[in-house]
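Notes for the one structure printed next.
Quick note: the coordinates plus some simple rules give every number you see, no bench work behind them. This structure is a prediction, so every number in the text was calculated from the model and none was measured. With ideal geometry, Cβ positions are generated from the backbone for all residues, glycine too; neighbour counts draw on all protein chains shown.
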Amino acid sequence: MKKRLQGIDLFTDSFIKHENQNYNQFLSEIENYKNKNSEWRTYIVQWVHQMKSQISSMRLTLQNRKHNEENMQLLVELDQIDKQLNNILNLARLEAVDRDLKIEPINLSESINRVINQNKRLFIQRNVFPKIQIENTVPTVLSDKKWLDFILDQLVHNAIKFSNPTDQIIFNIKQIDNKCCLDISDTGIGIVKEDIPRIFDLYFTGKNGRTNNTSSGIGLYLVKQILEQLGHKIKVESEQSKGTKFTIYFD
């Protein structure tokens, strides 16, 4: 009986030693992954900043040239490249967003006008027009100015991209259940019904993205993730060939 117990003890010790080795190896692999992931993020951030610097130089050169349709087209394309680089940069930094938040009172009208101005060349090129409406509410919300501008810019860019010439993009600030809400509506091509549940998934481009061939599947994913960090909610309603409406609820 004593020998049997000794055998069990030896087996138990061996098993525990083996499991400890596996656990230590597992921790080592996790640490190795974290280091590689950190190196990748650092490289991406540095690369994006280098590219953005070159884009700024090209933009300045074009802006100093005589205004014409060709230069306008090139500036619009540079704006689009810059937006995609910002998306990559923010995707790499996403896990640290909560450390970069500054919550303060934000005037929604000012934010909207700022984003409209950022996209003015695209509005002009696509012959699409913005319109701001305020329904009996004070357009002030608690949010982060920089990240809210980024979110609005993504939604506005998509609305312009999928609108038809002479369409309007309507920004409607309203109140629902004593909470301020913002609708961003277009009357463009809309989203197919089966794609709607997946539009906030990372890298999902959907039917419109595959047809348009300019979508990365990053922008709306970032919108949803950052809104969650800010404590805001978003809802989408869309019908094919009739348009899309995104509603942001500011809690």
Determine the shape class of segment 171-211: with a ≥ b ≥ c the square roots of the Cα gyration tensor eigenvalues, call it rounded for a/c under 1.5, and otherwise prolate if a/b is greater than b/c, oblate otherwise. prolate
Measuring from centroid to centroid over Cα atoms, what is the spacing of segment 98-125 and segment 197-231 in Å? 19 Å
Size descriptor, Kirkwood hydrodynamic radius, that averages inverse alpha-carbon separations across segment 79-127, Å: 13.1 Å
What residues of segment 90-128 lie in the reach of a label at residue 203, counting those whose backbone N is under 19 Å from a point 7 Å from the Cα along Cα→Cβ? 90-95
Can you list the equivalent-ellipsoid semi-axes of segment 151-195, largest first and in whole Å, using the square root of 5 times each Cα gyration tensor eigenvalue? 22, 13, 10
Stretch residue 56-residue 194 to full length: gain in nm at 0.36 nm per residue minus the Cα-Cα span? 45.7 nm
For residue 136, project a label point 7 Å along Cα to C-beta. Then give me every residue of segment 170-186 with its amide nitrogen under 11 Å of that point. 175
Can you tell me which of 69-75, 106-112, 162-168, 180-186 comes out highest on packing, and rank the rest after it, using the mean Cβ neighbours within 10 Å? 180-186, 106-112, 162-168, 69-75
Inter-label distance for residue 76 and residue 172, nm, one decimal - labels placed 7 Å from Cα along Cα-to-Cβ: 2.8 nm
Distances longer than 16 Å among the Cα atoms of segment 99-145: what percent of all pairs is that? 52 percent
Kindly identify segment 72-178 as rounded, prolate or oblate by the Cα gyration tensor criterion: order the square roots of the eigenvalues as a ≥ b ≥ c, call it rounded if a/c is under 1.5, otherwise compare a/b with b/c, prolate if a/b is larger, else oblate. oblate
Using the basic label-point model (7 angstrom from Cα toward the beta carbon), what is the residue 240 to residue 40 distance in nanometres? 3.6 nm
Kindly give Rg over Rh for segment 153-248, based on alpha-carbon atoms, with the Kirkwood expression for the hydrodynamic radius. 0.95
Computed FRET efficiency, Cβ-Cβ of residue 67 and residue 129, R0 22 Å: what is it to the nearest 0.05? 0.60
